[in-house]
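The values are calculated or read from the model by the stated rules, or taken from the named source; none is laboratory data. Note that the coordinates shown come from a computational prediction; the quantities given were computed from them, not determined experimentally. Every residue, glycine among them, receives a Cβ derived from its backbone with ideal geometry; neighbour counts consider all protein chains shown.
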């Protein structure tokens, strides 16, 4: 998997950082960022196939499938789940596999839920409706992603 290499982790964390920055600033991520990461992943796995590096294809496909399901949910919910969020998780699943992307999604949803609860309480205290408040989701992936992907370095003794 891409994130099992130091360079792969660096590429993914750079992708994550750009997505988070754009999501905070514009509440969307430029499609070119996703296309660039898609190209990087394709080249990564072509290189892996040529060199004969082992790859857990089933886990990667299921991980990408998580993002694909979010994409369908985005379409069905008329954008309540952002298309950019779905594309991010599609590529994250392709880079890290099913286990890591589900962990990342779960932790991110938990953090976003806590933040939303704080907003609701603050709105209640100020007697202000928070119904139309929209928050970008990808910033909530940053902390869990750094923990998940850097904990791999620690658990592997620094080996990439």
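The table that follows gives values for the structure above.
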| quantity | calculated |
| --- | --- |
| Any chance residue 121 is over 25 Å from residue 21 (Cα atoms), modelled with pLDDT of 90 or more and not in a loop (DSSP other than H, G, I, E, B) | yes |
| Condition met for residue 60 (assigned to a helix (DSSP H, G or I) and at pLDDT 95 or above) | no |
| Among (1) in a helix (DSSP H, G or I); (2) under 20 Å from residue 15 (Cα atoms); (3) in contact (Cβ under 8 Å) with a residue 24 or more places away in the chain - the single one residue 47 does not satisfy | (3) |
| Residue in segment 144-152 that is loosely packed, with under 12 Cβ neighbours inside 10 Å, in a loop (DSSP other than H, G, I, E, B) and modelled with pLDDT under 90 present | no |
| Restricting segment 1-44 to residues that are at pLDDT 95 or above and part of a loop (DSSP other than H, G, I, E, B), the residue that is farthest from the chain's Cα centre (by Cα) | 30 |
| Where residue 103 falls short, out of the listed (1) touching a residue at least 12 places away in the same chain (Cβ under 8 Å); (2) in a loop (DSSP other than H, G, I, E, B); (3) over 20 Å from residue 21 (Cα atoms) | (2) |
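To keep it simple, each residue is scored yes or no on (1) crowded, with 18+ Cβ neighbours inside 10 Å; (2) closer than 14 Å to residue 98 by Cβ; (3) out of contact with any strand residue (DSSP E or B) (no Cβ under 7 Å at 6 or more places or on another chain).
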{"site": "41", "(1), (2), (3)": "yes, no, yes"}
{"site": "53", "(1), (2), (3)": "no, no, yes"}
{"site": "66", "(1), (2), (3)": "yes, yes, yes"}
{"site": "70", "(1), (2), (3)": "yes, yes, yes"}
{"site": "75", "(1), (2), (3)": "no, no, yes"}
{"site": "78", "(1), (2), (3)": "no, no, yes"}
